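Trainee: Below is a structure I'd like to ask you about.
The values are calculated or read from the model by the stated rules, or taken from the named source; none is laboratory data. Remember, predicted model here, so these are calculated numbers, not experimental data. Cβ coordinates were reconstructed from backbone atoms using ideal geometry, including for glycine residues, and neighbour counts include every protein chain displayed. Calculation scope for accessible area: heavy atoms of the full protein, side chains included, ligands and nucleic acids excluded. Shrake-Rupley method; radii C 1.70, N 1.55, O 1.52, S 1.80 Å.
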Amino acid sequence: MKKVFLSLLCVCFFTAASVQAQSILDQAKKTAGSVQNPLANYGGVASSILSKLTPALGLTEVQKPKVTDLVTGFLKQKAGILPLQQSNPASYASKFAGLQGGLFSKLKLLLTAAQYTKFLGLKPKTNDAANVLSQLFF
C-alpha cells in the first residue's frame, strides 16, 4: 500500500512539473513572437516615424494627419504580410514592393516636390532596427 501511495505521489509530482514546464514554454513562445514582430504596435511605430518626418520634411498641420493615416495604413498592411518574410521571402518581397509603391505614390501627391525628395533622402543605407524609418523602406 505504501508503494502504491508513493508511486501515485510521484506521478502527481511529475505531472505537475511537466504542466508547469509547458506553461513556461508557451509563455516564452508568446514573448518571442512579440519580439519578432516589430509592428505589433503599429500605432506607436507610426508616431515614432512621424516624430522623425515632421521636422525633417517640415510637414504642415494639414499634412500631418494625412501622412499619419498613410503611414499607419501602410504599417497595418505590412504587419499582415510580415510572416511571409520568413516562410516565403519572394512573396513577401513582391507584396511589400506593391505596398511600398502605393505608399510612395500617395506621399508624392501629398508632399511638395522638395519634401518628397527629402523623404527619399531619409532612406537608411541598411535595414537598421534602431532607425524607425527602416519600416518604410525595408
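Trainee: Can you tell which of 104, 87, 47 lies farthest toward the positive end of the dipole of the stretch 42-136, using +1 and -1 charges on the Cβ of basic and acidic side chains (Lys, Arg; Asp, Glu)?
Mentor: Sorting the options by dipole projection puts first 104.
Trainee: With all protein chains present, how much of the accessible area of the stretch 42-136 (probe radius 1.4 Å) comes from carbon and sulfur, to the nearest whole percent?
Mentor: Within the stretch 42-136, the accessible surface is 59 percent carbon and sulfur.
Trainee: Determine how large the accessible area of residue 109 is when every protein chain is in place; take a 1.4 Å probe and give Å² rounded to the nearest 10.
Mentor: Roll a 1.4 Å probe over it and residue 109 shows about 150 Å².
Trainee: Can you compute 3J(HN,Hα) from phi for each residue in the stretch 56-73, using the Karplus curve 6.51 cos²θ - 1.76 cosθ + 1.60 with θ = phi - 60°, rounded to whole Hz and x for Gly and Pro?
Mentor: Here the 3J(HN,Hα) series is 5, 9, x, 5, 7, 5, 6, 6, 3, x, 5, 5, 4, 4, 5, 5, 4, x Hz.
Trainee: What does the accessible area of residue 94 come to, in Å² to the nearest 10, when a probe of 1.4 Å is used?
Mentor: Approximately 80 Å² of residue 94 is accessible to the 1.4 Å probe.
Trainee: Moving on to the next point. Taking the Cα centre of the stretch 42-136 as origin and charging only Cβ (+1 Lys, Arg; -1 Asp, Glu), how large is the dipole, in debye to the nearest 20?
Mentor: 140 debye
Trainee: Would you tell me the accessible area of residue 128, worked out with a 1.4 angstrom probe on the heavy atoms of the protein chains, in Å² to the nearest 10?
Mentor: Rounded to the nearest 10, the figure is 70 Å².
Trainee: Next up: Taking only protein heavy atoms and a 1.4 Å probe, what accessible area per residue, in Å², does the stretch 42-136 have with all protein chains in place?
Mentor: 55 Å²
Trainee: So, counting K/R as plus one and D/E as minus one, what does the shell of residues with Cβ under 11 Å around residue 69 add up to?
Mentor: Net local charge, residue 69 excluded: +4.
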